[in-house]
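Okay, structure first, notes after.
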Amino acid sequence: MFIFIGIRVMIQFGLVLLCFLPTVAFGNGHGAHVHGQAKLDMAVDQNQLLVMVQAPAERFFGFEYKPTTEAEKKKAQQAEDLWRNNLTALFDVSDVSCKVTKTQWKQEFSSASHSEIKAEGYFDCAKPLRGKELVIKLKDQFERMLIINYQLIRSDSTADSGKKEAKTFQ
């Protein structure tokens with residue numbers, strides 16, 4: 001079941017094989033990105049949660065080229081620092097104490113003026129996540145996230161997916 005206020009996702013699954021998922025986010029694919037959109041993939045294995053986001057860098061800090069001014073460098077660094085050091089500000093699981101065990105952040109350039117962010121986060125929670133609510137707050141921190149295409153992978157290899165517009169996140 002999905003309830004969207006922010007983005008709220010009811011996690012309804014058990015074991016998921018996560019070993020193939022990092023390849024999706026950090027593989028060698030260089031498909032065209034769509035401005036204003038982000039891709040969010042999520043998977044759960046009992047009490048572990050994996051989230052992966054892929055979006056044009058502009059969605060995170062307002063530009064896609066390599067930062068040159070001090071202000072641009074600061075914006076880019078703040079976005080990366082938020083992901084690496086405060087991921088729970090972006091993803092919140094209700095009623096379960098979760099800690100971030102690993103994060104990855106990568107900016108890939110396809111040209112001098114185009115780049116994407118590919119980021120991953122791994123959570124280890126005190127209790128199993130089945131039936132818990134995941135609140136996704138990307139829009140709260142990154143206001144340029146206009147549309148999020150999401151996929152939630154269940155233990156039986158089925159998935160829920162969809163697209164949500166900015167008004168959903170306000």
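Miscellaneous remarks
- For the peptides 123-135, 65-77, residues were scored by their other Cβ atoms within 10 Å and the scores averaged per peptide; the highest-first order is 123-135, 65-77.
- Cα-centre dipole for the range 49-170 with unit charges at Cβ (Lys and Arg positive, Asp and Glu negative), debye to 20: 120 debye
- FRET efficiency, 1/(1 + (r/R0)^6) with R0 45 Å, evaluated for Gln78 and Gln46 via beta carbons: 0.85
- Above-threshold pairs, the threshold being 29 Å between Cα atoms, out of Lys73/Lys132; Lys66/Lys132; Lys132/Lys164: Lys73/Lys132; Lys66/Lys132
The numbers here are math on the coordinates, done by the rules we state, and not lab data. Just so it is clear, the model here is predicted, and its values are computed rather than measured. Ideal geometry is used to build each Cβ from the backbone, glycine not excepted, and the neighbour counts take in all protein chains shown.
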